[in-house]
Amino acid sequence: MNKQRLLSGHETELLTSEELRKISEDLVKHKSGFVRILPDGWLYPAITTLYLDRIYSMELRPDDVFIITFPKSGTTWMQEILWVMLRNPDLDPNNEEMKEPLWVRSVDVGFDMHFDNEERAKRDMKSIAEKFSRVCSGKKVEDGILIQIAESQPSPRVIKSHFPLELHNKDLLKKWFRWKDQDDIGSDEAANQYYNMVVYVARNPKDVMVSFYHWMRVIRSANYQGSLEKFAREIMKGDFSYCPYWPHVLQAWRQRDNPNLYFTTYEDMKDDIMGQLRNINKFLGKNLTEEQLRKIAQFTSFSSMKTRGEPIDKAYYNEDLWKKEGGMFRKGIKGDWKNHFSPELNQEMDQWIRDNVKDTGLIFKSGN
Ligand code: A3P
């Protein structure tokens, strides 16, 4: 058994090929193999261990905002909201940065784990590879393309991550004092102005399942061939990349009263986007007007984002399936699981949800 201790204190365990076979023949293949991160057992390509320590020790800036989610929970929607609120609140059409796709202006720091070689990164993620050559000259690809782009970005940064909270820098949720400005040390007023902030979006796991399933079919490197039922059972068992689902959500849920973290759900965003924008405005300390927020709601609505187009490179996905099943902006609704789940699968999932939310106070809308 090949084990390694991470800076976060977690242990990694490399899976043998037999263990991998038992998990799923449909799991995204990765040259480096797969690891579990213990104790929760997060499943990632083995190469991820190279980057987790870098992400953990990444230098945080007082005005960083992290958008953290389990995949397919509404990340892109919230990411665009945060990005425009922080970097282009008047939606200036001539804003130079906005000419780049969202996933280049606000990078997913964990995405390096999907590249098993530089060629693949260049082929699948042309816009990312180009940005890397432009802003990270002299830096080594092996040290992480996305991580180094994030490091090069101007403040305030909006950093996306699908890693659970505890795999990030332990200071992510702590108040930051202006330690560079000695006079302010210990002043509550200064401390209140300087946070690293986390926005966490959760989504009804039944809809996550449907959305994730479609995505894993559309993405070329995943090319998932199994049925939705099979996929859902793998997710429930924690036998798919990014799983297990519950510790991811519950770690953030337990921090919902932390002033550095804003916990919300996809369903709440769908039900009352203006209410959510007002909350985020306050959370970020932005003081944007109602009129600005209204325009941002419109700019980040499903139809507007879909019309502007997908923020990813075409080589990355299967175009036929994308057209047939929808892509990055597939349906954008609550409760689509009702169109896909068999009564048996629904029952199993209800039980799985009940078992896991028991005693937590977490309730998902449009689920049960
Ligand atoms: P569906 O597949 O159910 O349509 P993520 O960004 O975390 O990958 O989540 C993707 C899901 O969010 C997809 O769900 C996508 O359609 C939905 N989505 C993306 N932008 C949205 C928006 N502006 N409004 C509502 N839903 C959005």
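The values are calculated or read from the model by the stated rules, or taken from the named source; none is laboratory data. Given the structure is predicted, the values throughout are model-derived calculations rather than measurements. When we count neighbours, we look across all protein chains shown, and the Cβ atoms used for this are built from the backbone with ideal geometry, even at glycine.
Kindly indicate the residue of the stretch 303-346 that is among the aliphatic types (A, V, I, L, M) and within 10 Å of the ligand (Cβ to nearest atom) and also surrounded by the most Cβ atoms within 10 Å (Cβ to Cβ) among those meeting that condition. For the stretch 303-346, the residue satisfying everything is MET305. Cβ-Cβ distances below 8 Å connect the following pairs, each with a first residue in the stretch 297-326 that is without any contact (Cβ under 8 Å) to a residue 60 or more places away in the chain, a second residue that is exposed (fewer than 13 other Cβ atoms within 10 Å of the Cβ), and a separation of six or more residues or different chains: ALA297/MET274; SER304/GLN298. As a summary of the residue check, LEU60 satisfies the conditions (1) within 16 Å of the ligand (Cβ to nearest atom); (2) under 20 Å from ILE147 (Cα atoms); (3) not aromatic (Phe, Trp, Tyr) except for the one numbered (1). Applying the set (1) farther than 20 Å from ILE68 by Cβ; (2) touching a residue at least 40 places away in the same chain (Cβ under 8 Å); (3) among the small types (Gly, Ala, Ser) to SER241 leaves exactly one unmet item: (1).
Using the structure shown, decide if TYR51 is surrounded by 18 or more Cβ atoms within 10 Å (Cβ to Cβ), more than 14 Å from the ligand (Cβ to nearest atom), outside any helix (DSSP H, G or I) and among the hydroxyl-bearing types (Ser, Thr, Tyr). No: the conditions fail for TYR51.
Using the structure shown, decide if LEU7 is part of a helix (DSSP H, G or I) and either touching a residue at least 12 places away in the same chain (Cβ under 8 Å) or among the hydroxyl-bearing types (Ser, Thr, Tyr) (or both). Give the steps one after another, and end with the answer.
Numbers: part of a helix (DSSP H, G or I): no; either touching a residue at least 12 places away in the same chain (Cβ under 8 Å) or among the hydroxyl-bearing types (Ser, Thr, Tyr) (or both): yes.
Considered against the rule, which asks whether it is part of a helix (DSSP H, G or I) and either touching a residue at least 12 places away in the same chain (Cβ under 8 Å) or among the hydroxyl-bearing types (Ser, Thr, Tyr) (or both), LEU7 comes out as no.
The numbered conditions (1) at pLDDT 90 or above; (2) under 24 Å from ASP40 (Cα atoms); (3) in a helix (DSSP H, G or I) are all true for LYS160 except (3). Take ILE128 and decide whether it is within 22 Å of ILE68 (Cα to Cα), in contact with a helix residue (DSSP H, G or I) (Cβ under 8 Å, 6 or more places away or on another chain), at pLDDT 90 or above and among the hydrophobic types (A, V, I, L, M, F, W, C). It is false that ILE128 is within 22 Å of ILE68 (Cα to Cα), in contact with a helix residue (DSSP H, G or I) (Cβ under 8 Å, 6 or more places away or on another chain), at pLDDT 90 or above and among the hydrophobic types (A, V, I, L, M, F, W, C).
Residues checked against (1) closer than 30 Å to SER24 by Cα; (2) at pLDDT below 95; (3) not polar (S, T, N, Q):
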{"residue": "GLU234", "(1), (2), (3)": "yes, yes, yes"}
{"residue": "SER241", "(1), (2), (3)": "yes, yes, no"}
{"residue": "THR265", "(1), (2), (3)": "yes, no, no"}
{"residue": "ILE273", "(1), (2), (3)": "no, no, yes"}
{"residue": "THR289", "(1), (2), (3)": "no, no, no"}
{"residue": "PHE299", "(1), (2), (3)": "no, no, yes"}
{"residue": "GLU310", "(1), (2), (3)": "yes, yes, yes"}
{"residue": "TYR316", "(1), (2), (3)": "yes, yes, yes"}
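When the stretch 70-89 is filtered for residues that are closer than 14 Å to ALA297 by Cβ and either away from the ligand (no atom under 12 Å from the Cβ) or not charged (D, E, K, R) (or both), the ones remaining, listed by number, are TRP77, MET78, ILE81, LEU82, VAL84, MET85, PRO89. Figure legend. Inter-residue proximity from the stretch 151-169: first residues more than 13 Å from MET58 (Cα to Cα), second residues modelled with pLDDT of 95 or more and basic (Lys, Arg), beta-carbon distance below 9 Å, spacing 6+ or different chains. Indicated pairs: PRO154/ARG87; PRO156/ARG87; VAL158/ARG87. Considering only residues in the stretch 266-296 that are free of Cβ contacts under 8 Å to residues at least 60 places away in the same chain and β-branched (Val, Ile, Thr), the one that is farthest from the ligand (Cβ to nearest atom) turns out to be THR289. When every residue of the stretch 211-218 is checked against the conditions, at least one turns out to be touching a residue at least 40 places away in the same chain (Cβ under 8 Å), away from the ligand (no atom under 11 Å from the Cβ) and either touching a Pro at 6+ places or on another chain (Cβ under 6 Å) or more than 30 Å from LEU173 (Cα to Cα) (or both).
If you check ILE67 against the conditions, is it among the aliphatic types (A, V, I, L, M), in contact with a strand residue (DSSP E or B) (Cβ under 6 Å, 6 or more places away or on another chain), within 16 Å of the ligand (Cβ to nearest atom) and in contact (Cβ under 8 Å) with a residue 40 or more places away in the chain? Can you show your working first?
Working: among the aliphatic types (A, V, I, L, M): yes; in contact with a strand residue (DSSP E or B) (Cβ under 6 Å, 6 or more places away or on another chain): yes; within 16 Å of the ligand (Cβ to nearest atom): yes; in contact (Cβ under 8 Å) with a residue 40 or more places away in the chain: yes.
Judged against the criteria, ILE67 is a match.
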